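Values in this text are rule-based calculations from the coordinates and carry no lab data. Only a predicted model underlies this, so the values are computations on that prediction, with no experimental measurement involved. Heads up, the Cβs are rebuilt from the backbone with ideal geometry, glycines too, and the neighbour counts pull from every protein chain shown.
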Amino acid sequence: MELVEVAAGWYWMGSNEGPPGDGPRHRVWLDAFAIGRTPVTNAEYAPFLESTRTPPPPWWGDSRFADPGQPVVGVNWFEATAYCQWLSGERRDRFQLPTEAQWEKAARGGLDDALFPWGADRPARTLDRPPLVIDTPANPWGLLGLSGACHEWCLDWEDERYYSRSPDRNPPGPAQGTRRVSRGGAWRHQDPWTTVARRSSLPPLLRYSDYGFRVVRFLSEEPVRRKCA
């Protein structure tokens, strides 16, 4: 699993141009973290299933979803969290789902005013299944699968009014809720190319064929493959 290191600092989160829940646009400081270059793939999820005897996702045996290089989908929030706990034990490190603020900073790749993670242009491609993660547009920091692949679970509870009262340093998300935040555009939608500030959510027990996740690692002395400012 390749990780991208994101340096500590300020960035502009949210948008004043979309639905009310996407704003207000506000500055956020985040401590440094490392995030998966791609959503967790089938190849990366398979050892977890074997090790923990967790039942596979509903679409695991469907040929449209079975390529090792596709993002694993059909995973609910609790299973995604369990994977992070398992990975922490395997790597002797600390992994978790990204907070909503971490996901958006990484997705923006330093382009605070960009509409999409890679810039302003909307791809003309249509999809009938999750694409291979290597076939998705990269942002300036080399992250893939940020839009057009799958919705990605985040750590936070959902509250569309949270931005108006969230702390400006390392916002953890609301203390409670009924739905968990997800980010990123998904292949199953008529328009899969969701903008970088767009927020979505789902009850944490549900599974869909366009829901996956990526991981965040707390920084330690272990080197990462890439470093971004």
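Some values worked out for this structure:
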quantity: Amide H within-cut-off set for Ala34, under 5 Å, with H built and near neighbours excluded; calculated: Val6, Arg217, Leu219
quantity: Projected-area average for the range 3-228 over all orientations - Cα convex hull basis, square nanometres; calculated: 11.4
quantity: Residue-wise HN-Hα coupling along the range 204-215, computed from phi with Karplus coefficients 6.51, -1.76, 1.60 (Hz; x: Gly, Pro); calculated: x, 7, 7, 10, 9, 6, 10, 10, x, 6, 10, 10
quantity: Signed unit charges on C-beta, dipole axis of the range 3-228, positive-most listed residue Val181, Pro47, Tyr208; calculated: Val181
quantity: Bins of 5 Å, starting at 0 and running to the largest distance - Cα pair percent for the range 88-134; calculated: 5, 15, 14, 16, 22, 15, 7, 6, 1
quantity: Relative exposure of Glu100, Glu50, Glu5, judged by other C-beta atoms within 10 Å (fewest first); calculated: Glu50, Glu5, Glu100
quantity: Inter-label distance, nm, simple model (7 Å from Cα along the C-beta direction), Thr54/Ala138; calculated: 2.8
quantity: Only Lys, Arg (+1) and Asp, Glu (-1) charged, at Cβ; the range 3-228 dipole about Cα centre in debye; calculated: 140
quantity: Computed over the range 50-107, Cα set: Rg, Dmax in Å; calculated: 13.3, 34
quantity: Within the range 116-138, backbone nitrogen closer than 20 Å to the virtual label 7 Å beyond the Cα of Asn16 toward Cβ; calculated: 116
quantity: Label zone at Asp168 (point 7 Å along Cα-to-Cβ), backbone N below 16 Å, the range 14-28; calculated: 14, 24-28
quantity: Cα-Cα pairs of the range 31-137 separated by more than 20 Å (percent); calculated: 50
quantity: Exposure proxy ranking, count of Cβ atoms within 10 Å, fewest first, for Cys84, Cys150; calculated: Cys84, Cys150
quantity: Sequence of Arg27, Arg183, Arg165 once ranked by neighbouring C-beta atoms within 10 Å, starting from the fewest; calculated: Arg165, Arg27, Arg183
